[in-house]
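Participant: Structure in structure tokens, see below.
The values are calculated or read from the model by the stated rules, or taken from the named source; none is laboratory data. All values derive from a computational prediction rather than experimental measurement. Every residue, glycine among them, receives a Cβ derived from its backbone with ideal geometry; neighbour counts consider all protein chains shown. Remember, those area values only see protein heavy atoms, side chains included, never the ligands or the DNA or RNA. Shrake-Rupley method; radii C 1.70, N 1.55, O 1.52, S 1.80 Å.
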Amino acid sequence: MKKIEQYRTTIRGTAITLFCLVSTYIYYFIWQDFYNPFFRFPYDDKGKLFITVEYFAVLFVTSLIMGMFKIDKLRKSEIIIYESIALLFSNAIAYAQICLIEAVIAPIGGMLAIILLEIIALIGWAFLSSKVVYTLSPPEKLIIIYGSHLATEIVYKMSKMEDKFVISESANVDEGFDSLIQKVDRYEGVIICDVPARLRNDILKYCYQQNKVVYVIPKISDIIIRSASDITYFDSPIMKCSSTGLTVEQRAVKRFIDILISLFGIIVFSPIMLLVALAIKLYDRGPVFYKQKRCTKDLKTFDIIKFRSMVVDAEKDGPQPAVDNDKRITPIGKIIRSFRLDELPQLFNILKGEMSVVGPRPERIEHVTEYSEQIPEFVNRYKVKGGLTGYAQVFGKYNTSAYNKLKMDLIYIQNYSLLLDLKLIIMTFKILFKKESTEGFDVRKKTKTKENKK
């Protein structure tokens, strides 16, 4: 079936709107019978309409933040997990609102019934929407054009999504423009990786004219230009690229939010932190916390605090990153690393001003030195404070290459906004359910960090 690319946005929007409407109806149906009579002054029709519209708006926005607008790019399991988080977040706000209105702890039974029915509806919607999207938009048949090296990592990842992409052929830039274009004509789209600038521009222009989909593996210069602002002083287009990082006002607001969130987190998670500390101490009688020198803004160093997840002498032979099935990780460590509980003490680092809630992951000093030698642009990620979560932490993995982490961190720095911070904080809950986000380095492979950075 011919792809209807021009209707993709309409299909996405219709699918998520329908689910939000169904969930809102479930919420309203139970709310009016369970919670409205609970109020001393029950809502009239206008009040019910306000509550309904408010719930729909919160759920719709949260769903967009969790990435539901791109359901055609997600697996069914990801749709269910991510939208479940959106439902829990939306219902938590709704329940808090009910409790605040009456200044009491409202019965939880009605809210649990709402969540249960919504998740049942979600499972059905996930399978139905995936089937509809697949039928209307089958997998794209692509060709990858590469330069000095074939992007095996990208090919491998995209090949795993057989319902989205089919990489049918690869071609080297040495074949020449005319030969490459003949091959491009056979497919619906192109992946461009490590291609010289002039040839890449020619291929991009040709694909644009022929309405071909193009996937470009960005270079650092692409990310910098992507965030440029337009200058309209002249009759010739000019783009201005800023390199100053966050403004004074942005840093002040960000620091204020860091203080609020870290204080709230310390209070809320204190029972969990006490249980984790007790479990670590009882297991081997060793220290509960693990401190390590890390780099933050302007390459300043500080002691990052984490719950110890490895044996006491894990680095007696020098710094060693965690690998898959690392024998140094204790049984308690495996559990707390799986749910990122070992990161909780960093809330104190944030409160002290050494870190931020959102920002590039603080790296070890020896890693900064090593990566900076291989990738001179690596120091650019230190225009802002290191963060507990961030763009690379959400969209990358523990073993993502330093070069790819750098590109994701620069995307965050160059496109910073409070809304982006909020989005990344909410999306952080997604990675708790992604096993690959905590994968260690594969000792059988050598991570290639030095790429073409023109």
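Participant: Taking H placed 1.01 Å from N in the peptide plane, check which residues at least 5 places from ILE144 or on another chain put their amide H under 5 Å from its amide H.
Facilitator: Here GLU169, SER170, ALA171, ILE191 satisfy the definition.
Participant: Right, here's the next one. Add -39500 (n - 2.57) for each DSSP H run of 4 or more in the chain, then divide by its residues: what number comes out at 222 nm, to the nearest 500 deg cm²/dmol? Can you show the working numbers first?
Facilitator: Details: 15 runs with 229 residues, N = 454.
Mean residue ellipticity, 222 nm, calculated: -16500 deg cm²/dmol.
Participant: Take the Cβ-Cβ distance between TYR208 and GLN374 as r, set R0 to 30 Å, and report the resulting FRET efficiency rounded to the nearest 0.05.
Facilitator: Calculated transfer efficiency: 0.30.
Participant: According to the Cα gyration tensor, what semi-axes, each the square root of 5 times an eigenvalue, does the equivalent ellipsoid of the range 1-134 have, listed from largest to smallest in whole Å?
Facilitator: The answer is 31, 14, 12 Å, longest axis first.
Participant: Evaluate the distance, in nm, between pseudo-label points positioned 7 Å from the Cα of LEU100 and of PHE29 along their respective Cα→Cβ axes.
Facilitator: Between LEU100 and PHE29, the label points sit 2.8 nm apart.
Participant: Seen from all sides and averaged, what is the projected area of the convex hull of the Cα atoms in the range 115-220, in nm²?
Facilitator: Value for the range 115-220: 8.8 nm².
Participant: How long, wide and thick is the range 1-78, going by the Cα atoms along their three principal axes, in whole angstroms, largest first?
Facilitator: Ordered largest first, the range 1-78 gives principal extents of 56, 24, 20 Å.
Participant: If I model a spin label at PHE177 and LEU351 as a point 7 Å from the Cα along the Cα→Cβ vector, what separation in nanometres do I get?
Facilitator: 6.2
Participant: Report the one residue of THR296, ALA322, TYR283 whose Cα lies farthest in the direction of the positive end of the charge dipole of the range 276-343 (charges on C-beta: Lys and Arg +1, Asp and Glu -1; origin at the Cα centre).
Facilitator: It is THR296, whose Cα lies furthest towards the positive end.
Participant: From the square roots a ≥ b ≥ c of the eigenvalues of the alpha-carbon gyration tensor of the range 287-383, which class results: rounded (a/c under 1.5), prolate (a/b over b/c), or oblate?
Facilitator: Because a/c hits 1.5 or more and a/b fails to exceed b/c, the range 287-383 counts as oblate.
Participant: Report the gain in length on full extension from ARG340 to VAL311: 0.36 nm times residue separation, minus Cα-Cα distance, nm rounded to one decimal.
Facilitator: Between ARG340 and VAL311, full extension yields 8.7 nm more.
Participant: List, in order, the whole-Hz ³J(HN,Hα) value for each residue of the range 200-208 obtained from phi through the Karplus relation with A = 6.51, B = -1.76, C = 1.60 and θ = phi - 60°; use x for Gly and Pro.
Facilitator: These are the phi-based 3J(HN,Hα) values: 4, 4, 5, 5, 4, 5, 5, 5, 5 Hz.
Participant: Could you tell me the calculated FRET efficiency between SER227 and ILE120, based on Cβ-Cβ distance and R0 = 45 angstrom, to the nearest 0.05? Present the calculation step by step, with values, prior to reporting the outcome.
Facilitator: Details: r = 42 Å, r/R0 = 0.94.
The pair SER227/ILE120 has a calculated efficiency of 0.60.
Participant: For the chain, what is the convex hull volume of the alpha-carbon atoms per residue, in Å³?
Facilitator: 192
Participant: Further question: I'd like the distance between the alpha-carbon centres of the range 392-433 and the range 320-368, rounded to an integer number of Å.
Facilitator: 15
Participant: Taking the solvent-accessible surface of protein heavy atoms with a 1.4 Å probe, what is the per residue accessible area of the chain in Å²?
Facilitator: Per-residue value: 55 Å².
Participant: Let me ask something else. Apply the a/c threshold of 1.5 to the C-alpha gyration tensor of the range 256-303 and tell me whether it is rounded, prolate or oblate.
Facilitator: It comes out oblate by the Cα gyration axes.
Participant: Now a separate question. Within the chain, what percent of beta bridges assigned by DSSP are antiparallel, to the nearest 5?
Facilitator: 40
Participant: Same structure again: What list of ³J(HN,Hα) couplings, whole Hz, do you get for the range 73-88 from phi and the Karplus terms 6.51, -1.76, 1.60, once you set θ to phi - 60° and write x for glycine and proline?
Facilitator: After applying 6.51 cos²θ - 1.76 cosθ + 1.60, I find 9, 10, 6, 4, 5, 5, 4, 5, 5, 5, 6, 4, 5, 4, 5, 4 Hz.
Participant: Let me ask something additional. Can you work out the FRET efficiency for the pair VAL268 and MET239, with r the C-beta to C-beta distance and R0 = 60 Å, to the nearest 0.05? Write out the running numbers ahead of the final one.
Facilitator: Values: r = 44 Å, r/R0 = 0.73.
Efficiency for this residue pair is about 0.85.
Participant: Let me spell out the model: positive unit charges on the Cβ of Lys and Arg, negative unit charges on the Cβ of Asp and Glu, origin at the Cα centre of the chain. What dipole size does that give, in debye rounded to 20?
Facilitator: With only Lys, Arg, Asp and Glu charged at Cβ, the dipole is about 680 debye.
Participant: Sticking with this structure for a sec: Over the chain, what relative contact order in percent results from Cα pairs under 8 Å that are six or more residues apart?
Facilitator: Working: 564 pairs, mean separation 56.9, N = 454.
Here the relative contact order equals 13 percent.
Participant: Pull out the extension gain between GLU366 and LEU420, defined as 0.36 nm times the separation in residues minus the alpha carbon to alpha carbon distance; nm, one decimal.
Facilitator: Stretched fully, the GLU366-LEU420 segment lengthens by 16.4 nm.
Participant: Mind running the shape call on the range 173-223? Use the C-alpha gyration tensor, a ≥ b ≥ c as the square roots of the eigenvalues: rounded below 1.5 for a/c, prolate if a/b tops b/c, oblate otherwise.
Facilitator: Cα axes put the range 173-223 in the oblate bin.
Participant: Give me the percent of Cα-Cα pairs in the range 86-132 that sit more than 14 Å apart, rounded to a whole number. Please report the intermediate quantities before stating the final value.
Facilitator: Values: 631 of 1081 pairs.
Roughly 58 percent, rounded to a whole number.
Participant: Give me a comma-separated list of calculated 3J(HN,Hα) values for the range 11-24, in order, Karplus coefficients 6.51, -1.76, 1.60 applied at θ = phi - 60°, integers in Hz, x for any Gly or Pro.
Facilitator: In residue order, the calculated couplings are 5, 4, x, 5, 4, 6, 5, 4, 5, 5, 5, 4, 5, 5 Hz.
Participant: Now a separate question. Using amide H atoms built 1.01 Å from N in the peptide plane, name the residues 5+ places from GLY387, or on other chains, whose amide H lies under 5 Å from its own.
Facilitator: Here SER356, GLY359, ARG361 satisfy the definition.
Participant: Which of the pairs LYS306/LYS423; LYS160/LYS407; LYS205/LYS423; LYS254/LYS291 have their Cα atoms more than 29 Å apart in this structure?
Facilitator: Pairs exceeding 29 Å: LYS205/LYS423.
Participant: Ok, one more. Working out 0.36 nm times the residue gap between LEU18 and THR301, then minus their Cα-Cα distance, what length gain in nm do you get to one decimal? Show your work: numbers first, answer last.
Facilitator: Values: separation 283, 0.36 × 283 = 101.88 nm, distance 4.97 nm.
So the extension gain works out to 96.9 nm.
Participant: What Kirkwood hydrodynamic radius do you get for the range 302-351 when you take the inverse of the mean 1/r over all pairs of distinct Cα atoms, in Å?
Facilitator: Answer for the range 302-351: a Kirkwood hydrodynamic radius of 11.8 Å.
Participant: Count neighbours as other Cβ atoms within 10 Å of each site's Cβ, and list the trypsin sites (Lys or Arg not before Pro) in the range 315-345 that are DSSP loop with at most 12 such neighbours.
Facilitator: Those satisfying the criteria are LYS316, LYS327.
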